[in-house]
1. Chains A and B: what accessible area do they bury, summed, in square angstrom to the nearest 100, with a 1.4 Å probe?
2. Between B:M1 and A:L48, how many nm apart are label points set 7 Å from Cα along the C-beta direction?
3. With a 1.4 Å probe and all protein chains left in place, how much accessible area per residue does segment A:129-190 have, in Å²?
4. Please report, largest first and rounded to whole Å, the three semi-axes of the ellipsoid equivalent to chain A, where each semi-axis is the square root of five times an eigenvalue of the C-alpha gyration tensor.
5. Hey, for a label at A:T212 modelled as a point 7 Å past Cα toward Cβ, could you say which residues of segment A:135-154 have their backbone N under 15 Å away?
6. With a Förster radius of 30 Å, plug the Cβ-Cβ distance of A:T119 and A:N14 into 1/(1 + (r/R0)^6) and report the FRET value to the nearest 0.05.
Amino acid sequence: MNTVESQQQPAQVNSACLDFLLMEIVPLSIRVSQTIERENKDKLRLKLEDLSLEPGTTHTNDPSVNELLFQNKDDLPGTVKILEDELIRSEDVHFRIESYGFSLGLRISELLLSQEQQTAHKLVELLDVMKFVCRDVWKNLYGKQMDNLRTNHRGTFVLVDNSLKLISRMSSSKGMTDTIGKAQPYLWFPCGIIKGILASLGIPASVTAEITQFPSVSFSIQTSIES
Amino acid sequence: MTIYSFWMFDRHCNCIYTREWTRSSPLVPSHSSHSSVSSTSSATTLPAGAIGTVNASNQNDSAKLLFGALFSLRNIANKLGTLPFNEDTSVTDPLAIHRKNSLKSFATGKYRAHFMETALGLYFCILSDPNVADLQIVLKDLYADVYVNHVVKNSASDVDFPAEEVIGNESFVRGVDQLITALPAFA
């Protein structure tokens, strides 16, 4: 991922470092969900204790013993057991990852359009906006353009990236099906980015991504605007 | 000339990857003699068209013996290289490993073990015919290219392996095979 460089001082970011950072999106999001879930359970337990007639008996338990039951003991540093957690499929994780992308998308479109005034004038029709996503946005994010853009001219667009950098290096020890299952949650991030960019230009849309043939990803964008 | 097998050990002294290409590797007599349960369960499926076994011998005695031999020779080499040996400098200087008299290979009548240790304590070892010349560059490539790209940059792979965990992802297996089978020494 290249940073957008200002004219005065071209700044560069080590792409490997940024890749490593982006790799943490999904594990981080799952951990947040785990923590929330754990806290909710704790609250529920406390409430039940309050309701119970004999609070003394429950308090005899050592809290540290209960604590261990909720913690994920498999989640050691340097391992990826966390991706096996069923929370990876939860809506909670989905929306959290998507919202990371969404706010990034809002900022990126602002940044790109402020630097290239000519581009901003060209964004008249919906198709122009999609081309902007395919060319300018993707080039700045992943150093390459989208490989294909299709539309039905009724507000639906399909953008295809034949090798999405975010997931292209993923390979699970349990085979391709497992790899695709673990790569899928990462796609909510670029989905969020596209959604954010469209939202910043006043286009409400729903964006979904699908791995057609790993690591090829097709993004389906559904807008209510007819062009 | 031929290359028999490739072995990796992590800094917890576990064997995290084995790849045997040949039908008759000198170190591993036969798999049936070691009826280790874990060795069969952890075996990784091979990509189509490849020969030999992947991760079939991680827990058997050969792996342990090889690790022990490498570990001892590496320690002797390091000690001999720093004569007059000074225990204090090697402890206080974290970069001492780069200046050490590091083990590169050892040979017996029937095979040669090519060895490289990384700064973070990973061991890379290739077993080959004794006639095969220095493979240090290949070991370096296996580390800096194959391992980094298919394990470190792979968000679906561990980088610190719990006991009995191995590198089983297919892109790594393919990467190692591509590099090794393309060598003139492999034929």
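1. Using a 1.4 Å probe, the pair buries roughly 1400 Å².
2. 6.9 nm
3. 40 Å²
4. Computed over chain A, the values are 41, 20, 18 Å.
5. Taking a point 7 Å out along Cα→Cβ of A:T212, the residues of segment A:135-154 whose backbone N falls under 15 Å are A:146-152.
6. FRET efficiency, A:T119 to A:N14: 0.65.
The values are calculated or read from the model by the stated rules, or taken from the named source; none is laboratory data. This one's a predicted model, so the numbers in the text were calculated from it and none came from an experiment. Every residue, glycine as well, gets a Cβ built from its backbone with ideal geometry; the counts of neighbours run over all protein chains shown. Keep in mind that these areas ignore ligands, DNA and RNA; they rest on the heavy atoms of the full protein, side chains included. Shrake-Rupley method; radii C 1.70, N 1.55, O 1.52, S 1.80 Å.
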